[in-house]
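The values are calculated or read from the model by the stated rules, or taken from the named source; none is laboratory data. In this text the structure is predicted, and so the values were computed from the model without any measurement. No Cβ is skipped: glycine too gets one built from the backbone with ideal geometry, and neighbour counts run over all protein chains shown.
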Number of protein chains: 2
Amino acid sequence: MSELTSVSQAEALIAEHMPPFGSELVPLDEAVGRILRQAVRAEHDHPPFDRVMMDGIATRWSQGMPRRLAVAGAQMAGMPRQSLPSGDACLEVTTGAMLPAGCDCVIPIEQLRRDGGDYLLSDECQPQAGQFIHRQATDCAQGSLLLSPGMRLGPAEMALLAANGVAKVEVAVMPSIAIVSTGDELVNVDAPLGEGQIRRSNDTAVRAMLRLEGFARVAMEHIVDDEAATRERIAELLDRHDVLLLSGGVSMGQRDYVPAALAAQGVRKVFHRIAQKPGKPMWFGIGPRGQAVFALPGNPVSALVCATRYARPALLAAQGIPVSAPEHVVLDSEVDINPTLVSFVPARVQTDASGRSMAYPVPSRTSGDFSSLPRTHGFIELPSGQGKAPAGTVATFYRW
Amino acid sequence: MSELTSVSQAEALIAEHMPPFGSELVPLDEAVGRILRQAVRAEHDHPPFDRVMMDGIATRWSQGMPRRLAVAGAQMAGMPRQSLPSGDACLEVTTGAMLPAGCDCVIPIEQLRRDGGDYLLSDECQPQAGQFIHRQATDCAQGSLLLSPGMRLGPAEMALLAANGVAKVEVAVMPSIAIVSTGDELVNVDAPLGEGQIRRSNDTAVRAMLRLEGFARVAMEHIVDDEAATRERIAELLDRHDVLLLSGGVSMGQRDYVPAALAAQGVRKVFHRIAQKPGKPMWFGIGPRGQAVFALPGNPVSALVCATRYARPALLAAQGIPVSAPEHVVLDSEVDINPTLVSFVPARVQTDASGRSMAYPVPSRTSGDFSSLPRTHGFIELPSGQGKAPAGTVATFYRW
C-alpha cells in the first residue's frame, strides 16, 4: 500500500498541478456567476453629474430666501443641463435629473404647493443649501478601480459592469468536465434493478454540485467493466475534456481496468490515498495535455466529501478565484475523532442568538450511509487525535 | 404621503398575497437547484443487501479459523448472490458485491497472499466476525422518508433521488418574471451615453440575483417615458408574466406613468413605503390574476436591498421553501442607526477564529453609492433607535 498523503499535501499537490483555464470574452448577460478575469474601472464619475435626488423643484438657496418661486422651466431626468434664470425662480425637477446650472438646493414636491405659475414653500419647509443633491463623483471618480480579477459576478458586480458600459466581459473559461462512473453493478435511475445492483448516484450528486457552482459544461459517462471498452472510452474522454472526475475511484480490484487505461494514455499519478476518513482512497493524476483527473472514492459520503474538499476548490482556483479564509464553526456536541486520520463529519450549521456559527454533527456510521446528508449543510474537518473533540471545539467547515 | 408600513408588516402582507406557483414533473437532470414538491421514500433498503466493503475474499468466520482458504469462486459487484461451499473455502469478492450466502467475514486483499488455488492469511491478519460488511438496511429501510416537500435539490438530495429511482421529480413551477425599468434617462450598457443620462444597471443586478437563486425565466424590459407606451407595455407584461419587478419604483413624479398603467390593469396596491432606510419608496401590489408586482426603489442600493429582503424570499416561499431561521452576526464596529426607520447596512461577513460570525460594515453615504457593494456579502438589519449600534451588537444578516 502506498504512503498516505496528508490533507494539506493533497491540497498543495492539486494546486501545483492544476492547469489554468484561460479567459474569454462573453456578453454581459451570459456573465452571471462567472469569474471575472479583468480589472474594471469607472467609465465616468459616479454620479456623472450633480444629480437631483427628489421630485420637486431646484433653486438657488440663500439666507431668508423667498417662499414663492416662479416656475421658469423643467429639468427632467435624461435632459441636458438647463439653467436657472436670475430672480425668484425655480425649475421643476425629477429624481435622477441633472442639477440645473445656477441651482444648489432641491425642494421635494411634498413641501410645495402650486399656485398658478409659482410654487409656494409650505410653512414647515426650511431648505438647506445643498439638500437633496447627490454630488458628482461622490460615489467614485472616473478611472477608480471597481472590480478586480478573481471576483465572482454576483448581483452587485453585475450592476457595476452594466453601469460602466462593460457590454462584453473577460471571464474565466469554463472547463469541460466529465464525470465518469464505472462498474457493472451500477444501473441508471430509470432501469430495472437486478439482484446485486444499485443505482448510480454519485455522478448525479457531483454534477449537481458543479452546476450549482456555475460549471455548465459537465457531462456524465458510464463505462462497463470491460478492458477494451474502458481503454477506448478513457482515451476519448481525455481527448474531449479538461477534467475527469472518476466516481468509484481506482482500486486494487481485479476488474478495475481504469488504472491501466489511464496509464496507457499517459496520465501520471500525483498521489493516491489521503490520511482522512472518509475518502482515504482518493487518487489524483495529470494527463499529457494537463488534464486533471480526480478519482473520487465510490462510497457516496466519500465522493461528496472529496468533491467538496478537493475537486471543486481546485476548479475554482484554476478559474482565478483567490483562496478564501476558511469558515469556522463551534461544535454543539462532542464528535469521535480518529487517532491517525483527519475526520470529516457531516453537520448542519446555524448561527445562534449570540452570532456564533454552531455546528450540529450528523455523523454517518459508514461512508456508505448517505440518507441523512440532506439534513446537513456540509462537513466539519477535525485533525487526528485521541478520543473525542468536545462540544465547544472550533473547527473548519466546508459547505456542500 | 401614505403611512409607512413596518418591515414585518410588509413581509406579512407580501406573504399573504403571493400566489403559489404550483408544481410540475421534470426529468431528474433538470431538477438541480429546484424546490422539491413531493415526499421521497426509500425505494428499497439501503444497502439493498449485505454489501462487501473491500476487495478481497469472503468466508465464514470461526474461532481459530484456518489460515489457508481454497478459492471456490468469485462474487463480483453486480452479480446475483453466490454461495460459499462447505469446508475451508472462500470466494473472491469486490467492493460493492453482495455478501455470498454462508459468509460473515470479508478479508481485504492487502492481508492475503495467493498461493495457487488458495489464499493464505498474512501473519498480521486477525479477522473478526462481520468485518467489512455493510449490512442490509443499516442506512435506511425501504419506505423510510428521505426527502420532504420544500427542500432545495442540492448534491445530497440529487444523490438520493437518483439512488431511489426517481427519474421524474415533482418540483415547484418556476414563475415567469419580468424586470421592468422605466425612464428616458436610462440607456443600455452598449449605447452612447448622452448628457444627463446613466446606464441601466438595477435590472441586470436583480436578474443576476434571481438567476443565481435558480430562477431561469427572467426577462428584462425597458419602457420609455410615454403614457400610451407605458400603458400598453404594462398590460402586455401582466398578461405574459407571473411576477413583475419594477426597477425605478412608482413615484410622485409628473412623468411617472406606471401607477396609472397598473391601476388601469386592475393591479391593486397592497402597500407603499416601508419604514426603512434605504428602500423607503418600495411598493407592492397584486394583479387580477394574482400577479405579484414589486416596485423596487430606483437607487441601486435600495433596489438590491429590497429585492434581497422582500422579493427573493417571497418568490422562494411561493415555491414552497419553509421560512428559515435568520442568520445572526456580530457587529465588528459601531454603526449609525436611524431614530424612526429600520436601517439596512451593507457589510462583509466572515467567521473569526472563535467561530463567531463577524460583520464588517461598509456603509454607503447614500443609496445611490454602489461602487463599494462588491466588497460586501449582504446587509445587516438594525431596528430604529437613538445614536449608534455599538460594536458587539448581534444583528440579523441577509446575503445578496
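Which of the residues belonging to the range B:29-51 are more than 21 Å from B:Ser176 (Cα to Cα), within 11 Å of chain A (Cβ to nearest Cβ) and among the aliphatic types (A, V, I, L, M)?
B:Val40, B:Ala42
Could you go through the range B:120-129 and let me know if any residue there is farther than 30 Å from B:Leu161 by Cα, in contact with a Cys (Cβ under 8 Å, 6 or more places away or on another chain), surrounded by fewer than 20 Cβ atoms within 10 Å (Cβ to Cβ) and within 11 Å of chain A (Cβ to nearest Cβ).
There is no residue in the range B:120-129 that is farther than 30 Å from B:Leu161 by Cα, in contact with a Cys (Cβ under 8 Å, 6 or more places away or on another chain), surrounded by fewer than 20 Cβ atoms within 10 Å (Cβ to Cβ) and within 11 Å of chain A (Cβ to nearest Cβ).
Only one of (1) in contact with a helix residue (DSSP H, G or I) (Cβ under 7 Å, 6 or more places away or on another chain); (2) at pLDDT below 95 is not met by B:Ser122, so which one is it?
B:Ser122 satisfies all of (1) in contact with a helix residue (DSSP H, G or I) (Cβ under 7 Å, 6 or more places away or on another chain); (2) at pLDDT below 95 except (2).
Looking only at residues in the range A:175-192 that are at the interface with chain B (Cβ under 9 Å from one of its Cβ atoms) and among the β-branched types (Val, Ile, Thr), which one is nearest to A:Val258 (Cα to Cα)?
Ranking the qualifying residues of the range A:175-192, first place goes to A:Val187.
With respect to the numbered conditions (1) assigned to a loop (DSSP other than H, G, I, E, B); (2) over 24 Å from B:Thr351 (Cβ atoms), which one is the sole condition not fulfilled by A:Pro363?
Single failed check for A:Pro363: (2).
So for the range B:244-260 (the condition being small (Gly, Ala, Ser), assigned to a helix (DSSP H, G or I) and at pLDDT below 95), does at least one residue qualify? Give the derivation first.
The first filter runs over the range B:244-260 and keeps only residues small (Gly, Ala, Ser), leaving B:247-249, B:251, B:253, B:260.
From the residues that got through so far, the ones that are assigned to a helix (DSSP H, G or I) too are B:260.
Pick out the ones that are also at pLDDT below 95 and you get B:260.
The answer is yes, given that some residue of the range B:244-260 is small (Gly, Ala, Ser), assigned to a helix (DSSP H, G or I) and at pLDDT below 95.
Just give me the residues in the range A:194-210 being over 31 Å from the mean Cα position of the chain (by Cα) and within 7 Å of chain B (Cβ to nearest Cβ), in sequence order.
Taking the range A:194-210 as the starting set, the residues that turn out to be over 31 Å from the mean Cα position of the chain (by Cα) are A:194-198.
Within the range A:194-210, A:Glu195, A:Gly196, A:Gln197, A:Ile198 meet the criteria.
In this structure, does B:Ala72 turn out to be loosely packed, with under 15 Cβ neighbours inside 10 Å and either more than 45 Å from the chain's Cα centre (by Cα) or not polar (S, T, N, Q) (or both)?
No, not satisfied.
Could you tell me which residue of the range B:125-169 is farthest from B:Ala42 (Cα to Cα), considering only residues that are without any contact (Cβ under 8 Å) to a residue 60 or more places away in the chain and touching a Pro at 6+ places or on another chain (Cβ under 8 Å)?
Only one residue tops the list, namely B:Ala156.
Quick check on my filter: what residues within the range A:42-69 are surrounded by 15 or more Cβ atoms within 10 Å (Cβ to Cβ) and among the basic types (Lys, Arg)?
Listed by number, the residues that qualify are A:Arg51, A:Arg60.
From the list B:Gly279, B:Gly266, B:Gly290, B:Gly298, which residue is surrounded by fewer than 20 Cβ atoms within 10 Å (Cβ to Cβ), touching a residue at least 60 places away in the same chain (Cβ under 8 Å) and either small (Gly, Ala, Ser) or over 22 Å from B:Thr340 (Cβ atoms) (or both)?
Every option except B:Gly290 fails the conditions.
Going through the range B:261-302 one residue at a time, which ones are of a type in the set (Gly, Ala, Ser), closer than 25 Å to A:Ala159 by Cβ and part of a loop (DSSP other than H, G, I, E, B)?
B:Gly279, B:Gly298
Can you name the strands (runs of 3 or more DSSP E) wholly within the range B:132-218 that have at least 2 residues being of a type in the set (Val, Ile, Thr)?
B:168-172, B:177-182
Of all residues in the range B:311-356, which are under 30 Å from B:Met151 (Cβ atoms), touching a His at 6+ places or on another chain (Cβ under 8 Å) and among the hydrophobic types (A, V, I, L, M, F, W, C)?
B:Ala347, B:Val349, listed by residue number.
Would you mind telling me which numbered condition in (1) touching a residue at least 40 places away in the same chain (Cβ under 8 Å); (2) more than 17 Å from A:Phe294 (Cβ to Cβ); (3) within 18 Å of the chain's Cα centre (by Cα) A:His44 fails?
Tallying (1) touching a residue at least 40 places away in the same chain (Cβ under 8 Å); (2) more than 17 Å from A:Phe294 (Cβ to Cβ); (3) within 18 Å of the chain's Cα centre (by Cα), A:His44 fails exactly one: (3).
Condition first: closer than 30 Å to A:Asp139 by Cα, out of contact with any Leu (no Cβ under 8 Å at 6 or more places or on another chain) and more than 9 Å from chain B (Cβ to nearest Cβ). Can you find one or more residues in the range A:3-15 that meet it?
For the range A:3-15, residues closer than 30 Å to A:Asp139 by Cα, out of contact with any Leu (no Cβ under 8 Å at 6 or more places or on another chain) and more than 9 Å from chain B (Cβ to nearest Cβ): absent.
Restricting to the range A:336-361, count the residues that are closer than 28 Å to B:Thr95 by Cα and away from chain B (no Cβ under 11 Å).
12
Only one of B:Glu221, B:Glu236, B:Glu227, B:Glu213 is surrounded by fewer than 21 Cβ atoms within 10 Å (Cβ to Cβ) and more than 33 Å from the chain's Cα centre (by Cα); which?
B:Glu227
Out of curiosity, is B:Val330 β-branched (Val, Ile, Thr) and more than 28 Å from the chain's Cα centre (by Cα)?
no
What's the total number of residues in the range B:311-353 that are among the hydrophobic types (A, V, I, L, M, F, W, C) and assigned to a helix (DSSP H, G or I)?
Result for the range B:311-353: 6.
Report the residue count in the range A:366-385 for those that are more than 7 Å from chain B (Cβ to nearest Cβ) and either at pLDDT below 95 or not in a loop (DSSP other than H, G, I, E, B) (or both).
Matching residues across the range A:366-385 total 7.
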